[in-house]
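The values are calculated or read from the model by the stated rules, or taken from the named source; none is laboratory data. Computed from a prediction, not measured in an experiment: that's the story for all the values here. Backbone-built Cβ (ideal geometry, glycine too); neighbour counts: all protein chains shown. The area values use the complete protein model at the heavy-atom level, side chains included, leaving out ligands, DNA and RNA. Shrake-Rupley method; radii C 1.70, N 1.55, O 1.52, S 1.80 Å.
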Amino acid sequence: MKNRLLAHSFTSRRTVRKALPDDSMKGLERTIGMAERGSSGQIRLVVEAAWPLLHVKHTGPRTRALEWFSQLRVWDTEHNNGVLIYLLFAERDVEIVADRGFNKRIAPEQWETICRAMEARFVKSDFEAGLTEGINTIGDLLREHFPADMGGNEQPDRPMIV
């Protein structure tokens with residue numbers, strides 16, 4: 001618990017911006033747009049720097065990811081195939097929340113494998129590369145399970161830093 005508290009104490013949006021500067025964010029936005037091509041699916045990326053210390057004791061990354069999934073209405077896509085990638089930067093923890101259309105097709109272990117691969121890159125401070133790989137892997141799943149002509153973009157491609 002002490003390490004978690006310290007990580008949250010010393011991580012800010014500025015820390016995230018240093019690891020993922022504007023050029024990286026623009027690159028990730030393009031990557032999301034390309035990953036969605038050829039499918040009807042939607043990908044959202046939220047990078048949360050840290051939490052207030054009181055929340056660290058009472059909240060887990062999965063719970064927070066579910067909150068963002070709901071708040072951003074990622075579940076509100078025509079084919080129920082939205083996917084949220086949530087990175088809690090202070091802990092280098094990734095959670096993927098997929099809408100019910102995906103949950104019928106993809107096992108939780110497959111999502112977990114994608115998360116762990118990204119986290120392995122984060123240990124080396126390869127944040128953009130780790131996120132890019134994860135987004136591309138999810139894009140492959142979108143095209144495999146929800147192939148379609150590129151329609152309207154139901155969710156913004158721009159990653160959020162909060």
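Do we have Leu28 as among the aliphatic types (A, V, I, L, M), under 27 Å from Leu142 (Cβ atoms), in contact (Cβ under 8 Å) with a residue 40 or more places away in the chain and not in a strand (DSSP E or B) here?
yes
Scanning the stretch 118-156 for residues that are at pLDDT 95 or above and over 20 Å from Ala50 (Cα atoms) yields Ala129, Thr132, Glu133, Gly134, Ile135, Asn136, Thr137, Ile138, Gly139, Asp140, Leu141. All told, Arg44 meets the bar of being part of a strand (DSSP E or B) and at pLDDT 95 or above. Here are Glu112, Glu78, Glu119: which of them is more than 19 Å from Met160 (Cβ to Cβ) and in contact with a helix residue (DSSP H, G or I) (Cβ under 9 Å, 6 or more places away or on another chain)? Residue meeting the stated conditions: Glu119. Of the set (1) charged (D, E, K, R); (2) buried (at least 19 other Cβ atoms within 10 Å of the Cβ); (3) more than 12 Å from the chain's Cα centre (by Cα), all apply to Asp126 but (2). Within the stretch 55-78, residues that are closer than 21 Å to Asp157 by Cβ reach partners that are part of a helix (DSSP H, G or I) with beta carbons closer than 9 Å, at six or more positions or on different chains, in the pairs Val74/Trp68; Trp75/Phe69; Trp75/Arg100; Thr77/Gly101. Residues in the stretch 6-20 that are out of contact with any helix residue (DSSP H, G or I) (no Cβ under 6 Å at 6 or more places or on another chain) and open to solvent by less than 60 Å² (accessible area, probe 1.4 Å): Ala7, Thr11, Ser12, Thr15, Val16. Here is the figure for the stretch 52-82: residues that are crowded, with 21+ Cβ neighbours inside 10 Å and among the hydrophobic types (A, V, I, L, M, F, W, C) total 3.
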